[in-house]
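Student: My questions will all concern the structure given below.
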């Protein structure tokens, strides 16, 4: 295998419950990459691949341990069980090799037939960049904050996550998002090294907006006007305007930001029926196609399970019905700047 080139750091941030760790688990454990083959104007790719790699200077066992943790996280998503999110209190680095082939027309234009990137994907505590240092600071916690800041200074791509559900978006979250983005650019300007080139704004939990559409859900979700309507209804204009003002400030001092808007869903839509793969059970929301064993009905903590899901479903069958939506394209834009996937809006053209 060729040695990947052009090291990149992609950092994730967003409020708690915006779906950051779910995105990572969905992206890195049995990733669904077919959507990267979609895209116009030479943006689509062929034979995409994401492979685990060691982070420079990290313990060799780290990648294996992180892989096991994410596998457990994804399994919990598949079974709609409680997920331990304690790990998001600290900074976690995932070393990745990303490779793909370019379509023949691009190769004829002098673009390499095969491209590679070495990527460090960084996950951290929601709201951890723009913090203020209180008198009663917790040194261990704020050491993680400082580490997160250092990673932000190195970042060339950013995945900014915000939930489309009412409980995941509020005025405080909006201001924190803009403050964090401002801190990233400010820190890079102070270091006289404007590396940030690509921002993927991920509007997560997209499938929940189409629960009542039945088998028409996936078709409706592909409509750009449906996405634009959700953005207007959710009053995200302030967030988008703020991001674009930051982008313009970056452009003015030598940066060149590509900002793209992605509706994203880790649960996605059921294959092949097209229904939204989300069941809004108040006690245990999650996948509509969740894996259920016969003995799960005997679990005292899941007393009403049979009332909602009367038929068991094996893990292989449940996983086969699960199709995430637009997760890989959002990540790929943050790494390369290319606009792939079933639905993406260029922020400069949209606004």
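The values are calculated or read from the model by the stated rules, or taken from the named source; none is laboratory data. Keep in mind the model is a prediction, meaning the values are calculated, not measured. Every residue, glycine as well, gets a Cβ built from its backbone with ideal geometry; the counts of neighbours run over all protein chains shown.
Student: When residues of the stretch 202-241 are filtered for being at pLDDT below 85 and either farther than 24 Å from residue 341 by Cβ or exposed (fewer than 15 other Cβ atoms within 10 Å of the Cβ) (or both), how many remain?
Tutor: Looking only at that region, the number is 6.
Student: Provide a single number: the residues in the stretch 177-208 that are touching a strand residue (DSSP E or B) at 6+ places or on another chain (Cβ under 8 Å) and in a helix (DSSP H, G or I).
Tutor: Final tally of qualifying residues: 7.
Student: OK, next. Regarding the stretch 309-330, can at least one residue be identified that is buried (at least 19 other Cβ atoms within 10 Å of the Cβ), in contact with a helix residue (DSSP H, G or I) (Cβ under 7 Å, 6 or more places away or on another chain) and without any contact (Cβ under 8 Å) to a residue 60 or more places away in the chain?
Tutor: There is no residue in the stretch 309-330 that is buried (at least 19 other Cβ atoms within 10 Å of the Cβ), in contact with a helix residue (DSSP H, G or I) (Cβ under 7 Å, 6 or more places away or on another chain) and without any contact (Cβ under 8 Å) to a residue 60 or more places away in the chain.
Student: Looking only at the stretch 230-237, decide whether some residue is part of a helix (DSSP H, G or I), touching a helix residue (DSSP H, G or I) at 6+ places or on another chain (Cβ under 8 Å), touching a residue at least 24 places away in the same chain (Cβ under 8 Å) and closer than 24 Å to residue 324 by Cα.
Tutor: yes
Student: Moving on to the next point. I'd like the full set of residues that are at pLDDT below 80 and assigned to a helix (DSSP H, G or I), limited to the stretch 150-169. Break it down stepwise before answering.
Tutor: Here is the first cut: in the stretch 150-169, the residues at pLDDT below 80 are 166-169.
Selection gives 166, 167, 168.
Student: Quick check on my filter: what residues within the stretch 52-77 are under 17 Å from residue 121 (Cβ atoms) and part of a loop (DSSP other than H, G, I, E, B)?
Tutor: 54, 55, 56, 57, 58
Student: I would also like to ask the following. Considering only residues of the stretch 10-36 that are part of a loop (DSSP other than H, G, I, E, B), out of contact with any helix residue (DSSP H, G or I) (no Cβ under 7 Å at 6 or more places or on another chain) and surrounded by fewer than 22 Cβ atoms within 10 Å (Cβ to Cβ), which is modelled with the lowest pLDDT?
Tutor: So in the stretch 10-36, the residues part of a loop (DSSP other than H, G, I, E, B) come out as 14-19, 29-33.
Next cut, out of contact with any helix residue (DSSP H, G or I) (no Cβ under 7 Å at 6 or more places or on another chain) only: 16, 19, 30.
Checking which are surrounded by fewer than 22 Cβ atoms within 10 Å (Cβ to Cβ) leaves us with 16, 30.
On the way: 16: 77, 30: 90.
Looking at residues that are part of a loop (DSSP other than H, G, I, E, B), out of contact with any helix residue (DSSP H, G or I) (no Cβ under 7 Å at 6 or more places or on another chain) and surrounded by fewer than 22 Cβ atoms within 10 Å (Cβ to Cβ), I get 16.
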